[in-house]
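Just below is one structure, and these are the notes that go with it.
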């Protein structure tokens, strides 16, 4: 079989099915080990890929080692690789290359979602004080932190923010394309708006070297927008300088925003809208944090708990 041709066909089909480039890349890269496995068996047609062959591949995935570290692959990697295979066979069925789907009953390992990592409100305050706001880049970094925490935007959403998406008069951010190419409107809180205004008025004009650039957050040379890796590194470095004892990421600031608002009485529906979750079940993930907090509170304060007077 022409493996490059099948990769190209799968890629083109994915582009029509999934708006997210991340999903497309994950599926294409995830199915590559299966192609290598099928090639090693000498398969001449996908009709030869029966249930037994798929189960054998599944076992190989479970016992595979990381090529660089030699350690066992994480469960998340198992799920990603097998999910890519299931998606590939769904493509074969829908495009008429197969009549029956041998991957339909291929079981995925259970992936237990961890509790969202969060900072406490006190740790957020410490983090906000880390940037040196007597310097232009310090003001930029403070505005970046305030926007990430104040709006719960994703890293990529903040990187893609442009001047026309921010309405300071109405205290709003109008995202044109969030995750899954879905837009939404997010309010700007007082602190986020204040620092963003300061950055836009005092720092960005002096930093800008490319007049045609509309991105809000610029790199230190002013030639291009901050990328996702740069934003992650900035937040990580600020967390380390703040001596929080935790690895701080943009997504942790997003989790922290949602969790703190939930603790202060916000409803799940409102948080769902803020986060841009299509399904409420995604937002309900945050209630697990609240239950764990409540469990600790009962253990510490309830008179019937052991060791309490």
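Read-outs throughout are calculated quantities, based only on the coordinates presented, and are distinct from any laboratory measurement. Note that the coordinates shown come from a computational prediction; the quantities given were computed from them, not determined experimentally. No Cβ is skipped: glycine too gets one built from the backbone with ideal geometry, and neighbour counts run over all protein chains shown.
Odds and ends about this structure:
- FRET efficiency for residue 208 and residue 17, using Cβ-Cβ distance with R0 set to 41 Å, rounded to 0.05: 0.60
- With N as its number of residues, the chain has a Cα radius of gyration that, divided by 2.2 N^0.38 Å, comes to 1.22.
- Angle between the chain longest axis and helix 287-301 axis [Cα atoms, degrees, rounded to 10]: 60 degrees
- Between 0 and 90 degrees, the angle of helix 228-241 with respect to the longest Cα principal axis of the chain falls at about 50 degrees.
- Per residue, the chain reaches -16500 deg cm²/dmol at 222 nm when only DSSP H runs of four or more residues are counted, each adding -39500 (n - 2.57).
- Rounded FRET efficiency, nearest 0.05, which uses the C-beta distance separating residue 39 from residue 110 and R0 of 41 Å: 0.85
- Anisotropy class of region 3-94 from Cα gyration tensor, a/c 1.5 cut: oblate
- Folded to 0 to 90 degrees: helix 136-151 orientation relative to the chain principal axis, Cα: 70 degrees
- Ordering of 70-76, 28-34 by packing [mean C-beta count within 10 Å, highest first]: 28-34, 70-76
- Computed over the chain: relative contact order in percent, which uses C-alpha pairs under 8 Å that are six or more apart: 15 percent
- Within a Gaussian network of the chain (alpha carbon springs, distance under 10 Å), most fluctuating of 82, 43, 92: 43
- Two-site FRET efficiency, residue 129 against residue 229, from Cβ-Cβ distance with R₀ of 30 Å, rounded to 0.05: 0.75
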